[in-house]
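Written out below as structure tokens is the structure these notes cover.
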Amino acid sequence: MSADTLATVKPAVELEGITKRFPGVVANHDIRITVQPGTVHAIVGENGAGKSTLMKILYGMQKPDEGTIRVNGAEVSFRTPSDAIAVGIGMVHQHFMLADNFTVLENIVLGAEPKRAGVLDTGKARRRIVELAETHGLRVDPDKLVEDLGVGDRQRVEILKVLYRGARILILDEPTAVLVPQEVEELFQNLRELKAEGLTVIFISHKLDEVLDIADAITVIRRGTTVASVDPSEVTARQLAELMVGSELPTPETRESTVTDTVTLKVSELTMPGEGERLLLDDVSFEIHQGEILGIAGVEGNGQSELIEAIMGIRPAQGRIELTGQDITTWSTLKRRESGIGYIPEDRHRQGLLLEASLWENRVLGHQTRKPARSGIWIDRRASKADTERIVRDYDVRTPSVDTLALALSGGNQQKLIVGREMSGEPAFLIAAHPTRGVDVGAQAAIWDHLRNARAAGLAVLLISADLDELIGLSDTIQVIYRGRLVAALDPSDITPERLGGYMTGAIAGTEET
Amino acid sequence: MPAGLNRALLTVAGAVVAIVLAIAICSVAINVAGGDPLTALTALFDFGETPRAQANSIATFLNRAVPLFIAGLAVAVGFRMNLFNIGVEGQYRIAAICAAYVGSTFTAPAWIQIPVIIVVAALVGGLYALIPAVMKVTRGVNEVIATIMLNYIAINLAAFLVRGPFAGQRAKGELTVTTPQLPDSAMFPDLNFLFEGFGMLPPTRGGGLWGFLVVAILLGVVIWVVLERTRFGFNVKASGLNGPAALASGVNPKTMVISAMVLSGAIAGLIGLPEILGDRGAYNSNFTAGLGFLGIAVALLGRNKPVGIAIAALLFAFLDRAQGALQFADIPPSVITIIQGAIVLLVVVANEVTNRFALRLEERRAAQQLGRNTPVEVTA
């Protein structure tokens, strides 16, 4: 190719001066990105940097306040995602949008059904899907039910869905967040094939090793604006991270062990029946000592939520649970909390907060029957507010006042409030489920610090996380949960995320290591 | 607190807009019906010619507001935790007839007689509400369906009781059936002296201004305190705002369903008492029906808060009272029902809109305040 023809190749996507304001915040400010066709272009940035807003703009879900979008050289203006699909842009969402009780074929054609005389033309659809799957190396059985598919397969279905609609530019929003390392490798293989076919992939992520592995070009977003465009062959993960954060990265590593001999929580033979034959929890037993963090690794949906809810007394289970030597198996959730269990729930909006109530009322939640919130039959408003002030101060919750509604806070600040609340009243045992999910790097470091300090002070912690670095960094012991069973006990000091991933998917058979 | 004040002002503004819109809609309806909207509007404020008629109008207006207020409170206690007690209608009717009957079986000094009747009414109402509550927590029966069905049972049971077991003496040729007359000591002292205090003539119709108004106000204050200041109230609020979070915080949802439902029913039990103790002295077949259903509208209008419910009850009573005046002005009184319906619908919409707006405002205020207070980090 001569220099002349190269110059005439128009960029697949060109964003210029994109600005989007939301009430009180600027989500995107003067974003400039040029994506060359036939490449994998990564957009990296930490949580809350404005990546999602940018992608929503590119996919027509939101309109930018300023700036222009050009696709293949032509200026476009999207009002709805269908406008974006019409010019060949497709989006694979982070959370799959599939109907479980439909087959792969049905899911792919849903909303774009080929019809013959008003009837779904299955034959035509099948030919098209098989052809697409073959040319792009996306192996799936079109007649399987989606509910029987694993996460990696579901993702392939999502990609096929987009290709089926004729997309030439694919946006993948955090596609690896739900995958274990082995599946990530498969996905990347698929992406390379797509690239070879001349398709353009926009890859959004904050996992830098992966980005360096797959991307041909990288754009870094920080605080809503593009701060750098770099060539992956010229940067290290460390440098990229510092561009992303604008400063040194925190690490979740714990220092010396503080594990003692005293058992705080003892779970024996915990079993929870499911709907069918399969048990949701199958003979789960473990101990957590004073000053110990026990990490539970597992692909989501393998019994983690059930385990937490059984320990909290929210869902009934057979077996025996002991807290500091007392049998608490038959106790109510309230009594368990009163006797010193703290609980950072996995979904803070669903289980952790009253979004439409003030911060101090959220401080009372879970502590209704204890000081300082309780005063006989009354709620002690003054003491509750004063104690909320303490949490706001000690845990660096950024809020105008303790009367502010919880929904007005950012995710990181909401989470810090929850951590502060659950650490109140000197708990002996803490359940920390995804304690740093969806919070910014600053809050993440602060939450890790609080967990480490509490551990040093003798707190026993059950840590459940999808972030393998967090698990390996914080835990004293790691147990892998797979299909409701604890299949392996591992020592975090000599395990890699890849090996851990092997256990989590059942690829490596469970052996007790430690 | 400015943030709370802001929210309150927004709510009031939304409600006012909704009421103005509702009147506009009804003006159109009146026009179509061949009336003059302006005449109708004047008729709404027409309290009568003579001082006596005015006093009577005011008493009728307040007497109507009292049971509506109590009904609104009863419904609101359930609504607060997303528990739809549609059964207030049945609960108050069964409670009223039982209280009227029990009150007629003995005679004691007023300070014993009246409290006993009140307690019986609350007890019966609460017990009747316990049925759907138990069905919900043990068998998962939806309380809406259960309470609607129990309404039919209660209404027909009351009709049977007043003819059969609880029937009192009936004068020859009289058509209404009634429970035995209550002793004089059961009649609640009226508040007619208030009119004299304002230099007006005391009302004469329907037993004057019912003294139960005082009980209703007290009840409103007590319910406010319970809902806003106690642990129980906090648990009700938490369960209503976010059930899973309340559960995770240690609130037992079953206990909450039972206690909220029984409290709601107990309050509902009092709805019929202003009329019985203030005027009729018995439960008869002319007893005012439909207050339980109106209570749902009143609670919605008042946003489940005692002060709001009081305002809503006064508004509804004001409109109800105007039905007579409208007839004199040659305008179909059913216009009032249209206005009430339109107001409830529009206020519910307005509430939703202002609520979202208020929440957004709060987010923006917080973002702005934080933007000012925290130094902007200088990045490389």
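Quick check on region A:1-32: of everything there that is open to solvent by 70 Å² or more (accessible area, probe 1.4 Å) and of a type in the set (Asp, Glu), which residue is modelled with the lowest pLDDT?
Per the criteria, the residue is A:ASP4.
Suppose the filter is open to solvent by less than 40 Å² (accessible area, probe 1.4 Å) and not in a strand (DSSP E or B); does A:ALA84 pass it?
So A:ALA84 fits the description; yes.
Checking the structure you have, find out if any residue of region A:429-445 is facing chain B (nearest Cβ under 9 Å) and part of a loop (DSSP other than H, G, I, E, B).
For region A:429-445, residues facing chain B (nearest Cβ under 9 Å) and part of a loop (DSSP other than H, G, I, E, B): absent.
Condition first: in contact with a Lys or Arg (Cβ under 7 Å, 6 or more places away or on another chain), part of a loop (DSSP other than H, G, I, E, B) and modelled with pLDDT of 85 or more. Now tell me which residues in region A:42-63 satisfy that. Explain how you work it out, then say what you get.
Initially, region A:42-63 is screened for residues in contact with a Lys or Arg (Cβ under 7 Å, 6 or more places away or on another chain), giving A:43, A:45, A:49, A:53, A:57, A:60, A:62.
Filter once more, keeping what is part of a loop (DSSP other than H, G, I, E, B): A:45, A:49, A:60, A:62.
A:GLY60, the sole residue that qualifies.
Please go through region B:206-227 and pick out each residue that is within 28 Å of B:PHE106 (Cα to Cα) and in contact (Cβ under 8 Å) with a residue 60 or more places away in the chain.
Scanning region B:206-227 gives B:GLY206, B:GLY207, B:GLY208, B:LEU209, B:TRP210, B:GLY211, B:PHE212, B:LEU213, B:VAL215, B:ALA216, B:LEU219.
Can you name every one of the helices (runs of 4 or more DSSP H) wholly within region B:82-184 that holds 3 or more residues which are surrounded by fewer than 19 Cβ atoms within 10 Å (Cβ to Cβ)?
Where helices (runs of 4 or more DSSP H) fall fully within region B:82-184 and carry at least 3 residues being surrounded by fewer than 19 Cβ atoms within 10 Å (Cβ to Cβ), they are B:110-139, B:143-163.
Considering only region B:189-200, state which residues are within 27 Å of B:PHE106 (Cα to Cα) and open to solvent by less than 50 Å² (accessible area, probe 1.4 Å). It would help to see each step written out before you state the result.
As a first pass, look at region B:189-200 and keep what is within 27 Å of B:PHE106 (Cα to Cα): B:189-191.
Hit for region B:189-200 is B:LEU191, nothing else.
How about region B:332-366: which of its residues are over 25 Å from the mean Cα position of the chain (by Cα), within 14 Å of another protein chain (Cβ to nearest Cβ) and of a type outside the set (Lys, Arg)?
Filtering region B:332-366 for residues over 25 Å from the mean Cα position of the chain (by Cα) gives B:332, B:356-366.
The next check asks that each one be within 14 Å of another protein chain (Cβ to nearest Cβ); those that pass are B:356-366.
Correct list: B:PHE357, B:ALA358, B:LEU359, B:LEU361, B:GLU362, B:GLU363, B:ALA366.
Looking at region B:280-325 only, could you name the residues that are in a loop (DSSP other than H, G, I, E, B) and open to solvent by less than 30 Å² (accessible area, probe 1.4 Å)?
Within region B:280-325, B:GLY281, B:ALA282, B:TYR283, B:PHE287, B:GLY290, B:GLY302 qualify.
Which of the residues that make up region A:351-396 are within 11 Å of chain B (Cβ to nearest Cβ), more than 16 Å from B:LEU247 (Cα to Cα) and open to solvent by 30 Å² or more (accessible area, probe 1.4 Å)?
A:GLU356, A:ARG370, A:ARG374, A:SER375, A:GLY376, A:ILE377, A:TRP378, A:ASP380, A:ARG381, A:ASP396 - these are the residues of region A:351-396 that are within 11 Å of chain B (Cβ to nearest Cβ), more than 16 Å from B:LEU247 (Cα to Cα) and open to solvent by 30 Å² or more (accessible area, probe 1.4 Å).
Tell me, which residue of region A:320-346 that is closer than 28 Å to A:MET504 by Cβ and open to solvent by 40 Å² or more (accessible area, probe 1.4 Å) is nearest to the other protein chains (Cβ to nearest Cβ)?
A:GLU346
Residues checked against (1) open to solvent by less than 10 Å² (accessible area, probe 1.4 Å); (2) in contact with a Leu (Cβ under 8 Å, 6 or more places away or on another chain); (3) not aromatic (Phe, Trp, Tyr):
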| residue | (1), (2), (3) |
| --- | --- |
| A:LEU407 | no, yes, yes |
| A:ILE431 | yes, yes, yes |
| A:GLN444 | no, no, yes |
| A:ALA460 | yes, yes, yes |
| A:LEU474 | yes, yes, yes |
| A:SER493 | no, no, yes |
| A:PRO497 | no, yes, yes |
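Identify all residues within region A:285-325 that are under 21 Å from A:GLU426 (Cβ atoms) and in a loop (DSSP other than H, G, I, E, B); write none if there are none.
A:GLN290, A:GLY291, A:GLU292, A:GLY313, A:THR324, A:GLY325
The values are calculated or read from the model by the stated rules, or taken from the named source; none is laboratory data. All values derive from a computational prediction rather than experimental measurement. Because the Cβ atoms are built from the backbone with ideal geometry, glycine has one as well, and the counts that use them run over all protein chains shown. Protein only, heavy atoms only, side chains kept; ligands, DNA and RNA dropped before computing areas. Shrake-Rupley method; radii C 1.70, N 1.55, O 1.52, S 1.80 Å.
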